[in-house]
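The values are calculated or read from the model by the stated rules, or taken from the named source; none is laboratory data. Just so it is clear, the structure is predicted and the values come from calculations on it, not from any experiment. Note that we place each Cβ from the backbone using ideal geometry, even for glycine, and neighbour counts take in every protein chain shown.
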């Protein structure tokens, strides 16, 4: 089968090549890929920054955002049939106590595997095989946005854990803040709006940008920091109960800490690299967090429960704002043209590779 691969650790080694067809076991499902989503993680792996091929393999098949259709079902499999639309979860557990408890997204030992990232082939291929426990059925009425489930699951986990943490008090959140107008930020805004929260989105793009318009279509308020600071924007907003940081800029995380309201919670979803340092008003931040009973936490990946929450929210969001999530996908590339994105990512919101 054809697949898009890299040689982990080798910059610009990405290419399409023939890879062995996956062999279907009796307790597995064979899935034909329809499309794969692209994100910064894929770009960083292609740049040789990280990534790990399966043991004994020279190449790693890229891709963790996926959407496909069941083509064949093993004899021992129940609950799936040919024609089912599915999305696979990404992370696979190790033997640590959190993984054994079904929380592989909270792996304690760090010995997990992730499709298309660490130790397992990904989804930028014509086919893959999978155990049914890792598959999520996608209703046909939301098939066009099914490929967004993996990034949506990240958002679901962050918001879910924010609410779990806030069980420390009698908490009735009314206002939400999303920092960043990219795919994760806009998905977060859609979920927070679906929960009924007054939601403010802050982005670098002007208010005429497509990102701003999509936020407004969900009933969120958009604030541009193209010509002002986040602290200027704060004056236009009520106290913030829950904030989601999704900018990819580390300094924004510390800015976000300073604009939380009393008893507020800030979830950090950005993964940043490098060794940049900066001056921060650490005494002011520390004082505010302590006196304000505030929480700041980081979140990565998601488990099966959050994928299920995402499928449910797909339907809710589609019912409230028909077609809005579909508009996040601004570019659909034939997968043979993958270099058009990896070479020059462009200015769209979300790009997918159309495989079949």
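A few remarks follow.
- Number of positions in region 267-287 that are free of Cβ contacts under 8 Å to residues at least 12 places away in the same chain and more than 12 Å from residue 251 (Cβ to Cβ): 5
- Taken together, the criteria exclude residue 233 from residues that are within 28 Å of residue 41 (Cα to Cα), in the same structural domain as residue 207 (by TED's automatic domain parsing), part of a helix (DSSP H, G or I) and touching a strand residue (DSSP E or B) at 6+ places or on another chain (Cβ under 7 Å).
- The residue list 83, 74, 63, 48 contains one member that is closer than 23 Å to residue 308 by Cα and touching a residue at least 40 places away in the same chain (Cβ under 8 Å), which is 63.
- Checking each residue in region 291-338 for being in contact with a strand residue (DSSP E or B) (Cβ under 9 Å, 6 or more places away or on another chain), assigned to a helix (DSSP H, G or I) and either more than 18 Å from residue 352 (Cβ to Cβ) or outside the structural domain of residue 92 (by TED's automatic domain parsing) (or both) picks out 291, 304, 307, 308, 310, 311.
- Any chance residue 163 is at negative phi and crowded, with 18+ Cβ neighbours inside 10 Å: no
- Out of 323, 274, 298, sole residue that is more than 24 Å from residue 34 (Cβ to Cβ) and either buried (at least 19 other Cβ atoms within 10 Å of the Cβ) or within 20 Å of the chain's Cα centre (by Cα) (or both): 298
- Positions within region 254-271 being in a helix (DSSP H, G or I) and buried (at least 19 other Cβ atoms within 10 Å of the Cβ), in sequence order: 255, 256, 257
- Test: residue in region 331-338 that is within 22 Å of the chain's Cα centre (by Cα) and over 24 Å from residue 32 (Cα atoms): no
- A single entry from 35, 17 fulfils the requirement of being exposed (fewer than 15 other Cβ atoms within 10 Å of the Cβ), outside the structural domain of residue 247 (by TED's automatic domain parsing) and in a strand (DSSP E or B): 17.
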